[in-house]
Amino acid sequence: MIRFLQPEWLWLLTLLPIVMLLRGRRGPIAAVEFSDVGIAREVARTTRTRAGWWTWMFPLLAAALMIVGLARPQRGQSRTEVTANGIDIVLGLDVSGSMQALDFQVDGRRVNRIEVVKSVVSKFIEERPNDRIGLIAFAAAPYLVSPLTLDHDWLQQNLERVSTAVGNDDGTAIGSAIAAGVNRLRTTAAKSKVIILLTDGMNNTGKISPVAAAEASKAMGVKIYTIGVGVRGMAPIPVRDQAGNMHLIMDKVDVDEKTLQTVANDTGGTFYRATDTDSLQKIYEQINRLETTAQTVQKFEHYEELYSWALIPSVAMFGFGLLLQHTRFRRLP
């Protein structure tokens, strides 16, 4: 990038065409007249060299270069460094059997909760490139899907493999899931630590209650956002009979909104309720806006002076022009 530190000098360049015009105008009327052409013959014996026709241009070019040099041309190099002070986020996903309920829709077709949740969470991860994100899934007990990482491609692959629990693994251990998330965050050096916990049920198993886990979270400086997902009342849930065939049954689903509200409020977070795909997407978008990543921007600039590239040729050209002026006439033999 080239810039002029004192560009006002460049206005002098507009005077050079005027100098050229003044030089080319006709001279004044002769002050002395000769009656004898002998003197003219004598002068005619002295001719100008070819260089004489254009030596007058050297002072003008030298002046132009001098003006450019006085304007202080500079070549700049700039570098910007962005330091992102990321947030450590643990995503807690309920994978109990009820997450198979088909009460969500995508493009007009019924989709189970877990697939919609995975899709929305995947987009959330994409929009947080500077944050370390971990993933804990929970049913009757929590298990680690991914530790805190900046390798979001690897995180996305593990998210895709998440599936709902069956048999004895089924259940909803909300308190244990919160405790597992806090345990992952308690030793990190991040200034901001967040758990985003999503569930479609009520705490019915685990060794610690959600409220007690929230108290531990608050003591560790971890904020919790809670999301209750699913319709209120009855929802269609696929079940497999003894013959191995799948059937849809209407079953009552209930989210413990009061407990989730308490957990969020006690830790400085917010409780959300998502009853359809659009509301779930908007919730994660809102959390994304609330938990902004702090960035420090440092800009470094270095400029190299280029005036010598104009002034040195200017002096050389001016001197060369003077030399030609003294030698532009020669006597013919």
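The values are calculated or read from the model by the stated rules, or taken from the named source; none is laboratory data. Computed from a predicted model, the values in this text were never measured in an experiment. To get the accessible areas, we keep the full protein, side chains included, count just its heavy atoms, and leave off ligands, DNA and RNA. Shrake-Rupley method; radii C 1.70, N 1.55, O 1.52, S 1.80 Å.
Rounded to the nearest Hz, the phi-derived 3J(HN,Hα) couplings of the stretch 101-111 under the Karplus curve 6.51 cos²θ - 1.76 cosθ + 1.60 (θ = phi - 60°) are 4, 9, 9, 10, 10, 9, 6, x, 10, 6, 9, where x marks glycine and proline.
By the gyration tensor of its Cα atoms, with a ≥ b ≥ c the square roots of the eigenvalues, what is the shape of the stretch 66-170: rounded for a/c under 1.5, prolate for a/b over b/c, or oblate? The shape class here is prolate. Summarising the amide proton neighbourhood of V145: residues at separation of 5 or more, or on other chains, whose placed amide H is nearer than 5 Å comprise L135, I136, A137.
Under 5 Å from the amide H of G269 lie the amide H atoms of I224, each residue being 5 or more positions distant or on a separate chain, with H modelled from the backbone and absent for Pro and chain starts. Here the Karplus relation 6.51 cos²θ - 1.76 cosθ + 1.60, evaluated at θ = phi - 60°, turns the backbone of the stretch 146-163 into coupling constants of 8, x, 4, 8, 9, 7, 6, 5, 5, 4, 4, 4, 5, 4, 4, 7, 5, 9 Hz, with x for every Gly and Pro. Taking a ≥ b ≥ c as the square roots of the eigenvalues of the Cα gyration tensor, the stretch 129-230 is oblate, since a/c reaches 1.5 or more and a/b is not larger than b/c.
Amide H to amide H, with H built 1.01 Å from N, S192 comes under 5 Å of D88, counting only residues 5 or more places away or on other chains. Shown in residue order for the stretch 194-202 are the 3J(HN,Hα) couplings computed by the Karplus curve 6.51 cos²θ - 1.76 cosθ + 1.60 at θ = phi - 60°: 9, 10, 10, 10, 10, 8, 10, x, 10 Hz (x for Gly and Pro). Averaged per residue, the stretch 112-206 has 43 square angstrom of accessible surface, using a 1.4 angstrom probe with ligands and nucleic acids left out.
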